[in-house]
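Each value in this text was obtained by applying a stated rule to the coordinates, not by laboratory testing. On a predicted model such as this, the values are computed, not experimentally measured, just so you know. Neighbour counts run over all protein chains shown; Cβ positions are idealised from the backbone, glycine included.
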Amino acid sequence: MSVRKEVLSALRNRAKEGIIPLSKRGGREAEEHLVVGRDEYEQARGAVLEHQLSRFYNVAIFGSARLDEDSKEFKFVSELAKSLVEARDVDIMTGGGPGIMKAAIIGAYQAIAEAQVNGKRLKSRRHGIRINDLPIEEKAGEHLSFSSTHNEFSTRLQEFIDRSQAAYNAPGGIGTLLEQLILVQSRQVGHLEPEYILMAHSFWEPVVESWNNAFYYNRIAQDETPLITEADLHIIRFSDNIPDIVDHISQGYDQWKTLREQVRVIE
């Protein structure tokens with residue numbers, strides 16, 4: 001349950017019993033504690049990111065939880081994740097649930113298993129970043145190297161942004177759109193570096209075209225101020241061609257590898 005929902009539920013239950021006394025001083029102190037806690041969180045986050053961004057190349061794969069193993073989308077994402085791991089031994093991050101998330105984990109696991117049969121050891125890890133209390137979600141999927149769980153979408157999305165070096169948006173619904181939008185805005189305002197690779201299946205092209213038209217082209221045509229820049233129109237690269245996707249992400253990995261080669265991990 002989210003903190004907001006939990007607090008509001010408790011308030012309503014207390015209201016049924018009578019007046020709810022609240023201290024102004026207590027409210028101010030809570031605000032102060034929140035600021036201190038946020039500062040401490042940002043410091044710890046920075047220390048974690050120093051390790052994550054220099055030692056691991058994570059590819060986040062987003063998509064619908066509703067698609068089953070017989071769907072063409074499931075098979076596509078499974079093959080994509082397998083190909084990415086085979087090409088550069090990258091880590092794969094998903095929401096840790098069913099559907100497309102499961103497909104990506106299965107594909108990555110298959111790449112590792114097949115490599116072992118051939119006497120090769122891959123280090124690729126499978127990370128599930130989960131959220132509590134979703135009606136369509138299920139328990140953490142198999143073959144995850146590790147998982148983390150959040151009560152809020154905001155912190156879950158932040159972990160995806162923090163830990164990933166590239167992202168691919170497969171077909172999905174509102175949740176996948178949210179994940180795509182937060183990445184687009186992060187690139188737009190410079191919170192993500194230009195080298196961050198943001199790709200999406202051609203399924204999303206009409207959706208992105210609709211907001212490009214509404215925010216930019218239609219307003220230009222009506223001699224009105226556009227709400228996004230021309231550069232914003234090209235933040236996402238669309239592809240449903242696995243070799244093309246793998247090649248593009250591999251280029252990003254190879255660029256990152258020059259940083260990784262300068263890192264020495266000590267106990």
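Roughly how many nanometres apart are two label points built 7 Å out from the Cα toward the Cβ at Glu32 and Glu50?
The two pseudo-label positions are separated by 3.0 nm.
What angle do you read, to the nearest 10 degrees and between 0 and 90, between the alpha-carbon axis of helix 174-188 and the longest principal axis of the chain?
80
Output the Cα-based Rg and Dmax of the stretch 1-47 in Å, rounding Rg to one decimal and Dmax to a whole number.
Reported Rg and Dmax, both Å: 14.9, 47.
Rounding to the nearest 10 and keeping the result within 0 to 90°, find how far the Cα-based axis of helix 242-260 lies from the longest principal axis of the chain.
Taking the Cα atoms of the chain, the angle to 242-260 is about 70 degrees.
Regarding the stretch 56-260, what are the three Cα extents along the principal axes, ordered largest first, in Å?
63, 42, 30
What order do you get for 192-204, 39-51 when each peptide is scored by the mean count of other beta carbon atoms within 10 Å, highest first? Walk me through the intermediate numbers first.
Working: 192-204: 16.8, 39-51: 10.9.
Answer by packing, highest mean first, reads 192-204, 39-51.
Compute the distance from the alpha-carbon center of the stretch 48-67 to that of the stretch 169-246, in whole Å.
Going from one Cα centre to the other spans 19 Å.
Note down the Stokes-Einstein diffusion coefficient of the stretch 203-267 in µm²/s, whole number, using a Kirkwood radius over alpha carbon pairs, 25 °C, and 0.890 mPa s. Walk me through the numbers on the way to the answer.
Working: Rh = 15.0 Å.
Stokes-Einstein gives a translational diffusion coefficient of 163 µm²/s.
To the nearest 10 degrees, how steeply does helix 100-117 sit against the main Cα axis of the chain, on a 0 to 90 scale?
Once rounded, the angle reads 40 degrees.
Report the relative contact order of the chain, percent, no decimals, based on alpha-carbon pairs under 8 angstrom and at least 6 residues apart.
Numbers: 357 pairs, mean separation 49.5, N = 267.
RCO, the chain: 19 percent.
Ranked highest first by average number of other Cβ atoms within 10 Å, how do 241-254, 5-18 line up?
Working: 241-254: 16.2, 5-18: 9.9.
Result, highest mean first: 241-254, 5-18.
For the stretch 56-260, please report how many Lys pairs fall under 25 Å Cα to Cα, leaving out neighbours fewer than 8 apart on the same chain.
Count of close lysine pairs: 18.
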